[in-house]
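The values are calculated or read from the model by the stated rules, or taken from the named source; none is laboratory data. Every value quoted in this text rests on a predicted model; they were computed, and no experiment measured them. Note that we place each Cβ from the backbone using ideal geometry, even for glycine, and neighbour counts take in every protein chain shown. Only protein heavy atoms, including side chains, enter the accessible area calculation; ligands, DNA and RNA are left aside. Shrake-Rupley method; radii C 1.70, N 1.55, O 1.52, S 1.80 Å.
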Amino acid sequence: MSINLPLLYQQKIIGTRIDGTSYQDACDRIEKWVLTQTACYIVAANVHVVMMGYWQKNYQQIINNATLVTPDGMPLVWGLRLLGFKRQSRVYGPDLMLAWCERAEQVGIPIFLYGGTSTMLNKLQINLSQQFPNLIIAGVYSPPFRPLTTEEEESDRQMIINSGAKVVFVGLGCPKQEEWMSNQVEKLPLVMIGVGAAFSFHSGEVSQSPRWMMNLGLEWLYRLSAEPKRLWQRYLINNPCFVLLFAYQLGKHWLNWQKTRV
């Protein structure tokens, strides 16, 4: 089976690459990478990811080295539109997870769930199996919440390979999941997708914000009100900094555009 894919529109926002894609396009690419046995990883980027990349250049390089970087947050969607990709829509990590589970069920591609707690994974398996009865969940694993030893990393890789899975959902949280995928990409011949809080949401352990708040870019406010002690720094420092830095980038973009018209 051959899948012909269009070239990706790519744009850097405050130094971090964001790709113009959609759920359909992303799933087509994942399916092609599985069929061609391409080892790669996918990042769902939001403002927190972009700002962490701005402060930590090594992390930014990990994001920019990903095979696909989706605009997970509405501010990045608006940013892509303002920078030229006017039809861009959101490709949200938790929704991408469900979109790929639906595709995987249709084409019979096994998945693996890596991350979260054992209790969370049990709930997640049940919920996914109810929503996608023919989905092949080849395996699940909750790694310890500490840096893994070299032996543990090797054991985890072998476990995933032995399961027969072709796509691994990684729910370790930012930046741990991106760092883990980057470290494994040359050793784990699979497609890895970092999905952040998707395990928490789809297991039912954490509630998602209403869709109307997501569409208005106010999901951060909902999450901040739910977990203020954990998230206040992420949102109350990163968000204003993002607005200022992107305004500067957009101003330079507009000036360059004006020069090309002269």
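How many residues does region 6-42 contain that are touching an Asp or Glu at 6+ places or on another chain (Cβ under 6 Å) and touching a residue at least 12 places away in the same chain (Cβ under 8 Å)? Working first, answer last.
Of all residues in region 6-42, those touching an Asp or Glu at 6+ places or on another chain (Cβ under 6 Å) come to 8, 10.
Going one step further and asking which of them are touching a residue at least 12 places away in the same chain (Cβ under 8 Å), we end up with 8.
Matching residues across region 6-42 total 1.
P133 - would you say it is in a loop (DSSP other than H, G, I, E, B), open to solvent by 40 Å² or more (accessible area, probe 1.4 Å) and farther than 23 Å from Y54 by Cβ?
Numbers: in a loop (DSSP other than H, G, I, E, B): yes; open to solvent by 40 Å² or more (accessible area, probe 1.4 Å): yes; farther than 23 Å from Y54 by Cβ: yes.
Judged against the criteria, P133 is a match.
Do the conditions hold for K229, that is, is it among the charged types (D, E, K, R) and in contact with a helix residue (DSSP H, G or I) (Cβ under 8 Å, 6 or more places away or on another chain)?
Numbers: among the charged types (D, E, K, R): yes; in contact with a helix residue (DSSP H, G or I) (Cβ under 8 Å, 6 or more places away or on another chain): no.
When the stated conditions are applied, K229 does not pass them.
I need every pair where a residue in region 85-112 that is under 13 Å from V195 (Cα atoms) has its Cβ under 9 Å from the Cβ of a residue that is of a type in the set (K, R), sequence separation at least 6 or different chains.
F112/K166
In region 150-207, which residue that is hydroxyl-bearing (S, T, Y) and open to solvent by 20 Å² or more (accessible area, probe 1.4 Å) is farthest from Q37 (Cα to Cα)? So that I can check it myself, show each step before the final result.
Residues of region 150-207 hydroxyl-bearing (S, T, Y): 150, 155, 163, 182, 200, 203, 207.
Going one step further and asking which of them are open to solvent by 20 Å² or more (accessible area, probe 1.4 Å), we end up with 150, 155, 163, 182, 200, 207.
Working: T150: 25, S155: 21, S163: 16, S182: 17, S200: 29, S207: 35 Å.
It comes out as S207.
Any residue in region 36-43 that is small (G, A, S) and either touching a helix residue (DSSP H, G or I) at 6+ places or on another chain (Cβ under 7 Å) or more than 22 Å from M97 (Cβ to Cβ) (or both)? Quick ask: steps written out before the conclusion?
Going through region 36-43, the residues small (G, A, S) turn out to be 39.
From what's left, either touching a helix residue (DSSP H, G or I) at 6+ places or on another chain (Cβ under 7 Å) or more than 22 Å from M97 (Cβ to Cβ) (or both): none.
No, the conditions are met nowhere in region 36-43.
Just for region 238-262: of the residues that are under 22 Å from the mean Cα position of the chain (by Cα) and open to solvent by less than 80 Å² (accessible area, probe 1.4 Å), which one is nearest to G79 (Cα to Cα)? Give the steps one after another, and end with the answer.
Of all residues in region 238-262, those under 22 Å from the mean Cα position of the chain (by Cα) come to 238-239, 241-243, 246.
Then drop every residue that is not open to solvent by less than 80 Å² (accessible area, probe 1.4 Å), which leaves 238-239, 241-242, 246.
On the way: N238: 16, N239: 14, C241: 14, F242: 11, F246: 8 Å.
Step by step, filter region 238-262, then rank; the result is F246.
Scan region 179-214 for residues that are over 18 Å from Y41 (Cβ atoms) and either of a type outside the set (K, R) or modelled with pLDDT of 90 or more (or both) and report the count. Lay out the reasoning, then the answer.
Of all residues in region 179-214, those over 18 Å from Y41 (Cβ atoms) come to 200-214.
When the remaining residues are screened for being either of a type outside the set (K, R) or modelled with pLDDT of 90 or more (or both), the result is 200-210, 212-214.
The total comes to 14.
Take L135 and decide whether it is closer than 16 Å to G171 by Cβ, at pLDDT 95 or above and of a type in the set (A, V, I, L, M, F, W, C). Break it down stepwise before answering.
Working: closer than 16 Å to G171 by Cβ: no; at pLDDT 95 or above: yes; of a type in the set (A, V, I, L, M, F, W, C): yes.
No.
Select from region 191-248 the residues that are without any contact (Cβ under 8 Å) to a residue 40 or more places away in the chain, of a type outside the set (D, E) and in a loop (DSSP other than H, G, I, E, B) and list them in ascending order.
Residues satisfying the conditions are V206, S207, S209, P210, L218.
Please note which strands (runs of 3 or more DSSP E) are completely contained in region 8-98 and include at least 2 residues that are among the small types (G, A, S) and crowded, with 17+ Cβ neighbours inside 10 Å.
On the way: elements: 9-13, 16-20, 40-45, 68-71.
Filter on region 8-98 gives 40-45.
Pull up region 143-178, narrow it to residues that are modelled with pLDDT of 95 or more and among the hydroxyl-bearing types (S, T, Y), then point me to the one that is farthest from R29 (Cα to Cα).
S155
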